[in-house]
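What follows is a set of notes on a single structure, which appears directly below.
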Amino acid sequence: MSSQAIPRDVALRIGLAARALPDIESAQLMSVLVKALGLPLSVEKLSSLTVRQLQEAADTLFNQTPLPAVKQALDYLWGKEGVEVSDQALPTIEPYAEGDMPGSIRVAIASNNGEQLDGHFGSCARFLIYQVGSDAARLMAIRATHASPDKRQDKNAWRAELIADCDVLCVVSIGGPAAAKVIKQDVHPIKYPNGGDAVSVLGELQQVLASKPPPWLARIMGKPADERVRFALTEEES
């Protein structure tokens, strides 16, 4: 690739687009764009990029990338208005001390806007961290992801470490390699492809906590082994 300087606005669009694509680095996306559009890259060229051009140039690179993430990346490349993540109307953090909610679990929600579950693991603006029991849910922290890790560090591993104290991750989408890094931290990822209001999602988890938790959730809650077996048998019989 030519060493020709890239205009700042072009570099910004590419950087944002790469952030939206799980497991895709800026340099990889840059190579795809050069193949599709040729040098020099410009705002005009990015704005006229078609889905077909991007797919053909990418070959198999995006095969494991969720379609919503590709669409978001294209919005960034096109400079489409209204795609920037928002810091408006963030929920209020509530006081919490370890042990305040016995039998509760800690849940991370991938979010871009307000109190919404609307983020992809590799590109969300923040994680909303809740302590969740059968009768209460308390927002204990908001962890921003804009403090990018060292370029030599795996960004998905860094994000997994950011929520390593959680038990469950709720996310719109997450790629296989990223999910493996989350599971390595002993965090259980759950996909909600359509997203939704965080409070509603937490309400569903609370119902599960209050009734018949599956074995993996019973373990997190600290249930004795014999109770976990009973949960499993109940599920098999139903």
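Which fully enclosed helices (runs of 4 or more DSSP H) of region 17-72 have 1 or more residues being within 22 Å of V172 (Cβ to Cβ) and either in contact with an Asp or Glu (Cβ under 8 Å, 6 or more places away or on another chain) or aliphatic (A, V, I, L, M) (or both)?
Fully inside region 17-72 and qualifying: 26-37, 51-58.
Return yes or no: is P224 at pLDDT below 90 and surrounded by fewer than 14 Cβ atoms within 10 Å (Cβ to Cβ)?
It is true that P224 is at pLDDT below 90 and surrounded by fewer than 14 Cβ atoms within 10 Å (Cβ to Cβ).
When the residues of region 211-221 are filtered to those that are of a type outside the set (K, R) and assigned to a helix (DSSP H, G or I), which remaining residue is nearest to G99 (Cα to Cα)?
Step by step, filter region 211-221, then rank; the result is M221.
In region 43-82, which residues are in contact with a strand residue (DSSP E or B) (Cβ under 7 Å, 6 or more places away or on another chain) and farther than 10 Å from A17 by Cα?
Residues satisfying the conditions are P66, P68.
Quick one: is Q88 in contact with a helix residue (DSSP H, G or I) (Cβ under 7 Å, 6 or more places away or on another chain) and either at pLDDT below 80 or within 21 Å of I163 (Cβ to Cβ) (or both)?
no
Where the second residue is surrounded by 15 or more Cβ atoms within 10 Å (Cβ to Cβ) and assigned to a loop (DSSP other than H, G, I, E, B) and the first is not assigned by TED's automatic domain parsing to the domain that holds A110 and at pLDDT below 90 and lies in region 175-201, which pairs have Cβ atoms under 7 Å and are six or more apart or on separate chains?
Filtered contacts from region 175-201: no entries.
The values are calculated or read from the model by the stated rules, or taken from the named source; none is laboratory data. As the structure is a prediction and not an experimental result, all values here were calculated from the model. Heads up, the Cβs are rebuilt from the backbone with ideal geometry, glycines too, and the neighbour counts pull from every protein chain shown.
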